[in-house]
Amino acid sequence: MPDSNTNIATSRSSFRHRLIAWFRLHQEKLWWLHSLYALISGIGIMWLGKRNFAYLRLVVFHVSFIWLSSLFLPKLLNHPRLLAPWAPRLRLVVNFFNKNFYQQMLFLVLPIYYASATLGSRNFLFVLLIGLSAMLSTLDVIYDRHLSAKRGLTATFFAFNLFTLINVMLPILWSVSNTLTTRVSAALACLGFLSFFYPSSQSKFRRRALGLATGLLFLGLIELGRPLIPPAPLRLASIEFGRDFDKVSRRVVSSLTELQPNQPLRLYGVTAIKAPLGLTERVRHRWHENGKLIFASPFYNMVGGREEGFRLWTSVSFNSIAPGTKLRLDLETEGGQLIGRAGLKTGS
């Protein structure tokens with residue numbers, strides 16, 4: 001009987017060792033399979049985020065966990081009481097949670113930014129950056145070996161994603177205007193970056209200088225680069241052109257889809273802006289003829305929450321429309337963020 005028990009124990013031990021050896025041999029392939037699963041689940045999260053903004057409240061808890069765990073992980077790994085075999089296991093567990101939280105948050109806000117961006121404009125590049133960041137969070141091999149292992153990359157990745165998340169969360173949950181939101185998000189992203197990448201070994205003067213320089217860099221990039229950022233969650237619902245305007249229905253009369261050359265014209269443009277209830281923003285129209293600005297309206301106070309969208313209308317007059325003319329109407333915020341655009345050109 002003892003021999004039988006010994007054989008069973010030996011067999012189980014041998015199976016366990018073979019299983020561990022198999023996992024180690026194929027671990028990279030398994031991680032890539034997990035990355036594929038994470039990407040597919042991210043698509044499901046995008047569908048969810050497009051329909052319910054309430055899940056954005058979870059962002060605070062996800063960001064807090066990522067920040068604290070990433071900040072203290074190096075200290076835990078270097079703790080003298082932590083046994084050597086447990087260090088890689090601890091890193092693996094923390095990275096697993098952080099990657100999943102990044103994926104949930106980034107895929108959640110990606111469709112919101114996409115809806116606010118204007119296809120073909122500069123601000124669509126920001127949507128591509130968010131998509132790239134979300135993609136990197138699903139690639140276990142890249143995240144584990146590079147993004148989480150190098151302090152500078154960890155700080156940069158966290159700061160960019162923190163800005164992206166706060167920038168869309170404040171207008172939706174607390175009705176903060178987009179112009180103020182970008183500045184607050186930049187300040188928080190700067191603090192997040194410094195918390196990771198702040199060399200305590202340097203003198204107090206150098207640390208303060210680094211903090212000041214980093215803060216000015218973040219704020220400068222945001223102020224200069226705000227036109228590159230979609231004004232999420234604002235989005236253009238519709239845009240119409242016409243020869244006249246009905247103030248009762250707030251719609252154009254004699255709708256136009258192209259311009260007739262060599263004729264006088266007073267052209268009206270009407271835009272409908274979708275925004276969450278309670279959100280206010282100052283917006284305006286900018287008319288361009290063949291790429292040249294010909295009229296910029298004053299800023300008007302937009303109030304969100306209307307089912308049909310907040311409707312803004314302006315008009316421009318022409319003595320004659322030259323052949324080959326292209327007109328473009330841009331709708332933008334006070335901070336210079338493009339909400340949407342449309343254009344007309346002369347018919348053949």
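When a footprinting reagent is the concern and you count Cβ atoms within 10 Å, what order do Ile130, Ile339, Ile294 take, fewest first?
Working: Ile130 23, Ile339 27, Ile294 13.
Ranking Ile130, Ile339, Ile294 by Cβ neighbours within 10 Å, fewest first, gives Ile294, Ile130, Ile339.
So for segment 120-263, Kirkwood radius off the Cα pairs, Stokes-Einstein at 37 °C and 0.692 mPa s: how many µm² s⁻¹? In µm²/s, the coefficient is 177. Summing charges over neighbours of Phe196, with a neighbour being any other residue whose Cβ is under 12 Å away from its Cβ, gives +2 when K and R count +1 and D and E count -1. Place a label point 7 angstrom from the Cα of Ala115 along the Cα-to-Cβ direction, then list the residues of segment 300-333 whose backbone nitrogen is under 15 Å away. 304-310, by backbone N distance to the label point. Shape summary of segment 235-345, radius of gyration then Dmax from alpha carbon positions: 14.0, 45 Å.
Highest average first, the peptides 106-118, 88-100 ordered by how many other beta carbon atoms sit within 10 Å of their residues are 106-118, 88-100.
Taking the Cα centroid of segment 79-127 and of segment 311-348, what is the distance between the two, rounded to the nearest whole Å? After rounding, the separation between the Cα centres reads 39 Å. Given axes a ≥ b ≥ c from the Cα gyration tensor, I'd like to know whether segment 102-147 is rounded (a/c under 1.5), prolate (a/b larger than b/c) or oblate. Judged from the Cα gyration tensor, segment 102-147 comes out oblate (a/c at least 1.5, b/c at or above a/b).
In this simple spin-label approximation, Ala237 and Leu216 carry label points 7 Å from Cα along the Cα→Cβ vector, and these lie 4.5 nm apart.
Among His285, His62, which comes first, then next, by fewest other beta-carbon atoms within 10 Å?
Final ranking by Cβ density, sparse to dense: His62, His285.
All of the numbers you see were taken from the coordinates with simple rules; none came from a lab. All of these numbers come straight from a predicted model, not from anything done at the bench. Note: ideal-geometry Cβ built from the backbone for every residue, glycine included; neighbour counts use all protein chains shown.
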